């Protein structure tokens, strides 16, 4: 399949299939579902890889938490996440196959015994694995049913299955997972302070360094396309443009931190905290959403330390309307010097 132009990088596979269905071109819709669009591999795998990726990241965060002197409130946070996700899965998974699989989840969580934080961390890691297996199976089932509907000419049923697969299943589970990541980061900030949150983010980046090194080996265009793919999987609106020196990715809103903010996560009972310390966690801003604080570190401070340059250069990030802009420069030395200075960490970052 020919490489898509940058203007197309923000379109999700499911949306391309919907367009084909609306046009009555079921053959093209089926081909996209089975062969992908050159970005997503297939309808079956469109969100499964991202969901597994979120699980990998969460297990990295849980591993770091396990090495910190966290208290009972951390255990309560872990239990609340499992309870919320179990309830969410009960709402979104309605097939008999999924119901049977959910009945087996408590058995997978039976060990280790105990109620200390270490046991809660291990139990949560096992829960994530069980949840991922169930998600992959359900996404595959719905994709196969959607293809079957296309093959018999039932565009309406195919579209309904697409909506169930994406909006009915993936989005609610994705959003609760993102909220949990933000809660973990907020717990570290409130218990240990911004300096420890910076070290926490650097340790998390180190735990995923293999992926960043893969990005570093890409050409600028390949990396910009991979970045757009990652960001659109968070279900925001992604628009890409290119000029002579850079690629610019606009998110209106950002599908993770931006939608979290628009959902009211930083106000009211149980509000997530804002990072108040101006520095690399906030790109110099006085108040910054705690979830968004990982982006300047994972995609700026860490790559600058490892490779001598930031991967993403943010431009007025994490705006109140949920939008966010970032640039990917085509030459290693073109990131603005004042931006690189804002990433500087006083003293050893870890």
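For a test of the definition: using alpha carbon positions, the gyration tensor, and the 1.5 limit on a/c, classify region 298-350 as rounded, prolate or oblate. The shape class here is oblate.
Where the alpha-carbon atoms of the chain are placed on the principal axes, they occupy 64, 58, 36 Å, in descending order.
Taking the Cα atoms of region 48-191, the ratio Rg/Rh between the radius of gyration and the Kirkwood radius comes to 1.04.
Taking the convex hull of the alpha carbon positions in region 196-350 and averaging its projected area over all directions gives 8.9 nm².
Comparing 204, 149, 228 in a Gaussian network model of the chain (Cα springs below 10 Å), the most mobile by mean-square fluctuation is 149.
Relative contact order, whole percent, for the chain stands at 17, derived from Cα pairs under 8 Å and 6 or more residues apart.
Comparing 84, 37, 243 in a Gaussian network model of the chain, where Cα atoms under 10 Å apart are tied by springs, the biggest mean-square fluctuation is seen for 243. According to the Cα-based calculation, Rg over Rh for region 111-270 is 1.02, with Rh computed by the Kirkwood formula. Helix-only arithmetic for the chain: the sum of -39500 (n - 2.57) across DSSP H runs with n ≥ 4, divided by the residue total, places the mean residue ellipticity at 222 nm at -17500 deg cm²/dmol.
Reducing region 269-311 and region 230-244 to their Cα centroids gives an inter-centroid distance of 20 Å. Here the relative contact order of region 199-293, from alpha carbon pairs under 8 Å that lie six or more residues apart, stands at 15 percent. Rounded, prolate or oblate: pick one for region 190-273, where a ≥ b ≥ c are the square roots of the eigenvalues of its C-alpha gyration tensor, a/c under 1.5 means rounded, and failing that, prolate if a/b is larger than b/c, else oblate. Taking the square roots of the gyration eigenvalues as a ≥ b ≥ c, region 190-273 is oblate.
Read-outs: derived from the displayed coordinates by stated rules, not from any lab. Keep in mind that what you see is a predicted model, and the values were worked out from it rather than measured.
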